[in-house]
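The next block holds one structure in the form of structure tokens; read it before the comments.
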Amino acid sequence: MKLIIAIIRENQLDQVRESLIEAGIARITVSNVSGHGRRITEEIYRGQKVIPTMVSNIRLEIAVNDEFKERTIEAITRATESNDGEMVGSGKIFVVPLEECIRIRTGEKGNAAI
């Protein structure tokens, strides 16, 4: 099992959700987050350079069985590429091993709980 964490731009959420649903992945967790990576934009405010410290983004968390890992990554990548191509600050995808998953209601564990 894997936990796929994707940080994407706010304007990409609908496209990514649709792409995931088309790929057969319907269970996702979405959070609003702030942060910054390499992309740092300078703005002029009242005649002075200001570098905003945080940029609003969306964090997706998707728990998948191993056979869905590549399909999930491809769905996210495809949806975000169509939105802004190779633009700096397009986001990141992290794949983390998922040791255990337990469905609280039924007590199911492992692959069956996902």
Inset, instruction - Could you please find all residues in region 14-27 being touching a Leu at 6+ places or on another chain (Cβ under 8 Å) and open to solvent by less than 50 Å² (accessible area, probe 1.4 Å)? - result: 16
Legend entry - Residue within region 31-51 that is under 13 Å from residue 4 (Cα atoms) and modelled with pLDDT of 75 or more present: no
Legend entry - Number of positions in region 1-20 that are in contact (Cβ under 8 Å) with a residue 60 or more places away in the chain and in contact with a Ser or Thr (Cβ under 9 Å, 6 or more places away or on another chain): 9
Inset, instruction - Looking only at region 54-67, decide whether some residue is surrounded by 11 or more Cβ atoms within 10 Å (Cβ to Cβ), under 20 Å from residue 3 (Cβ atoms), at pLDDT 75 or above and out of contact with any strand residue (DSSP E or B) (no Cβ under 6 Å at 6 or more places or on another chain). - result: yes
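The values are calculated or read from the model by the stated rules, or taken from the named source; none is laboratory data. The structure displayed is predicted, hence computed values, not measured ones. Cβ coordinates were reconstructed from backbone atoms using ideal geometry, including for glycine residues, and neighbour counts include every protein chain displayed. These area figures cover heavy atoms from the full protein model, side chains too; ligands, DNA and RNA do not enter into them. Shrake-Rupley method; radii C 1.70, N 1.55, O 1.52, S 1.80 Å.
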